[in-house]
Amino acid sequence: MGTTVVAGLIRGRTLSLAHVGDSRIYLVRGQNLLPLTVDHSLVAEPVRLGLLTSQEAEGSTHRDILIRALGIQEQVDVTLGEVSLMRRDCLVLCSDGLTQRVTLTTLSRRFGRLKSHKACERLVQLANIAGGEDNITAIVVSVLDSGTRWN
């Protein structure tokens, strides 16, 4: 068995991120929900190359087949990155249990109303209402003037 991981470290106004698998980080800036990670799955590469649409990937029977995960091999290639943050940005770190049930479109439409201490609870509820069968994990981080707030 393998597992996925997504992690972030905020130092000042810089987010350093790392991920393996299909857990994700999104940046919510204003009304925009921007993915900061790309799944390490069998269908993610054809989507990135324009050979498959996001909608086709969501419906693919191969979307759950990971090409990178922790615990499968002795060494794993971790994707690293950095992003500059701004006041009022929010970050959503989540497992595939959320993103397999709540589409990016739904997250985009609803997230503006979810920027509160109840955001994680509501995201998990949305995934469960949509038939959540996998573990569903979400962390929301709000960037404030004087630091960050975790939900």
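The values are calculated or read from the model by the stated rules, or taken from the named source; none is laboratory data. Because the structure is a prediction, the values reported are computed rather than measured. Methodologically, a virtual Cβ is constructed for each residue, glycine included, from the backbone with ideal geometry; neighbour enumeration extends over all protein chains shown. The protein model used for the area step is the full one, side chains on, heavy atoms only, and it has no ligands, DNA or RNA in it. Shrake-Rupley method; radii C 1.70, N 1.55, O 1.52, S 1.80 Å.
Under the condition of being of a type in the set (A, V, I, L, M, F, W, C) and closer than 13 Å to Val83 by Cβ, which residue from segment 7-29 is nearest to the chain's Cα centre (by Cα)?
The initial filter retains those residues of segment 7-29 that are of a type in the set (A, V, I, L, M, F, W, C), namely 7, 9-10, 15, 17-18, 20, 25, 27-28.
Those still in the list that are closer than 13 Å to Val83 by Cβ too: 9-10, 15, 17-18, 25, 27-28.
Details: Leu9: 15, Ile10: 16, Leu15: 14, Leu17: 11, Ala18: 11, Ile25: 3, Leu27: 9, Val28: 11 Å.
My answer is Ile25.
What is the number of the single condition among (1) open to solvent by 30 Å² or more (accessible area, probe 1.4 Å); (2) of a type in the set (D, E, K, R); (3) in contact with a Ser or Thr (Cβ under 9 Å, 6 or more places away or on another chain); (4) modelled with pLDDT under 85 that Lys118 does not meet?
Going through (1) open to solvent by 30 Å² or more (accessible area, probe 1.4 Å); (2) of a type in the set (D, E, K, R); (3) in contact with a Ser or Thr (Cβ under 9 Å, 6 or more places away or on another chain); (4) modelled with pLDDT under 85 one by one, Lys118 breaks only (3).
Results for (1) among the acidic types (Asp, Glu); (2) out of contact with any Phe, Trp or Tyr (no Cβ under 8 Å at 6 or more places or on another chain); (3) more than 22 Å from Leu9 (Cα to Cα), shown as yes or no for each residue.
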{"residue": "Arg24", "(1), (2), (3)": "no, yes, no"}
{"residue": "Leu51", "(1), (2), (3)": "no, yes, yes"}
{"residue": "Glu56", "(1), (2), (3)": "yes, yes, yes"}
{"residue": "Leu66", "(1), (2), (3)": "no, yes, yes"}
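Identify, please: which residue in segment 21-31 is open to solvent by 40 Å² or more (accessible area, probe 1.4 Å) and in a strand (DSSP E or B) and is, among those, nearest to Val78 (Cα to Cα)?
If we take residues in segment 21-31 being open to solvent by 40 Å² or more (accessible area, probe 1.4 Å) and in a strand (DSSP E or B), then Arg24 is nearest to Val78 (Cα to Cα).
What residue, among those in segment 1-20 that are in contact (Cβ under 8 Å) with a residue 60 or more places away in the chain and part of a loop (DSSP other than H, G, I, E, B), is nearest to Val78 (Cα to Cα)?
My answer is Thr4.
Just to be sure before I move on: is Asp77 closer than 20 Å to Ile136 by Cβ, of a type outside the set (Lys, Arg) and not in a strand (DSSP E or B) in the structure I sent? Full working, then the answer.
Values: closer than 20 Å to Ile136 by Cβ: no; of a type outside the set (Lys, Arg): yes; not in a strand (DSSP E or B): yes.
Against the criterion (closer than 20 Å to Ile136 by Cβ, of a type outside the set (Lys, Arg) and not in a strand (DSSP E or B)), Asp77 does not qualify.
Name the single residue that is surrounded by the fewest Cβ atoms within 10 Å (Cβ to Cβ) among those in segment 32-43 being part of a strand (DSSP E or B) and hydrophobic (A, V, I, L, M, F, W, C). Walk me through how you get there before you give the answer.
Kept after step one, since they are part of a strand (DSSP E or B), are these residues of segment 32-43: 32-35, 41.
If we keep only those that are hydrophobic (A, V, I, L, M, F, W, C) too, we end up with 33-34.
Working: Leu33: 19, Leu34: 12.
Within segment 32-43, the match that is surrounded by the fewest Cβ atoms within 10 Å (Cβ to Cβ) is Leu34.
Among the residues of segment 73-92, write down those that are among the charged types (D, E, K, R) and either modelled with pLDDT of 90 or more or touching a His at 6+ places or on another chain (Cβ under 9 Å) (or both).
Hits for segment 73-92 are Asp77, Glu82.
Among what's in segment 44-62 and is in contact with a helix residue (DSSP H, G or I) (Cβ under 6 Å, 6 or more places away or on another chain) and either part of a loop (DSSP other than H, G, I, E, B) or at pLDDT 85 or above (or both), pick the residue that is farthest from Val5 (Cα to Cα).
Leu52
One residue is enough: does segment 124-142 have a residue meeting the conditions open to solvent by less than 60 Å² (accessible area, probe 1.4 Å), hydroxyl-bearing (Ser, Thr, Tyr), closer than 18 Å to Ile25 by Cα and modelled with pLDDT under 80?
Checking segment 124-142: not a single residue is open to solvent by less than 60 Å² (accessible area, probe 1.4 Å), hydroxyl-bearing (Ser, Thr, Tyr), closer than 18 Å to Ile25 by Cα and modelled with pLDDT under 80.
Please verify whether Ala7 is among the aliphatic types (A, V, I, L, M), out of contact with any Gly (no Cβ under 7 Å at 6 or more places or on another chain) and open to solvent by 30 Å² or more (accessible area, probe 1.4 Å), treating the condition exactly as stated.
yes
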